[in-house]
1. Relative to the longest principal axis of the chain, what angle (0 to 90°, nearest 10) does the C-alpha long axis of helix 54-63 take?
2. Modelling each spin label as a point 7 Å along the Cα-to-Cβ direction, I'd like the ASP74/ARG26 distance in nm, to one decimal.
3. Name the shape class, rounded, prolate or oblate, that the alpha-carbon gyration tensor gives for the range 22-69, where a ≥ b ≥ c are the square roots of its eigenvalues, rounded holds for a/c under 1.5, and otherwise prolate holds if a/b is larger than b/c and oblate otherwise.
4. Quick one: which residues, 5 or more positions from VAL41 or on another chain, have an amide H under 5 Å from its amide H? H modelled 1.01 Å from N in the peptide plane, none for Pro or chain starts.
5. With mean projected area of the Cα convex hull in nm² as the read-out, I listed (i) 6.3; (ii) 10.1; (iii) 12.9; which label goes with the value calculated from this structure?
6. With a cut-off of at most 12 other beta carbons within 10 Å, and DSSP calling the residue loop, which trypsin sites (Lys or Arg not before Pro) in the range 36-92 qualify? Please list them.
7. At 222 nm, what helix-only mean residue ellipticity would the chain give, in deg cm²/dmol to the nearest 500, using -39500 (n - 2.57) for each DSSP H run of four or more?
Amino acid sequence: METTFEVHLPSPLLRLGLSQTDVQRRVAEWLVLSLYVEGRVSSGKAARLLNISRVAFLDLLRARGISYLDYTPDELAEEFRAVEMLNITPTP
């Protein structure tokens, strides 16, 4: 199901050669990325909202400079401690 909204754009944006389809896709992408960053949707839900795979959504995050993992310094330190406790020696 889709809902239609009226979006007002400054004229200079339209002179950049964006089609109506481009604008619709970018607005949907921006909204979903915003919801993801705010923690309101998971990466899986965000991917479904954009009709792309989860891997494609993770690629989109990377392309837009948005971190998938957002650890606090304490959480990151805890993760490193857990890895060190595994005492795994890499093999060549």
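The numbers here are math on the coordinates, done by the rules we state, and not lab data. These numbers come from a predicted model, not from an experiment. FYI the Cβ positions are ideal-geometry reconstructions off the backbone, even for glycines, and counts take in every protein chain you see.
1. For 54-63 against the chain, the angle is about 80 degrees.
2. 4.1 nm
3. It comes out rounded by the Cα gyration axes.
4. The answer is TYR36.
5. Answer by label: (ii).
6. ARG40, ARG64
7. -17500 deg cm²/dmol
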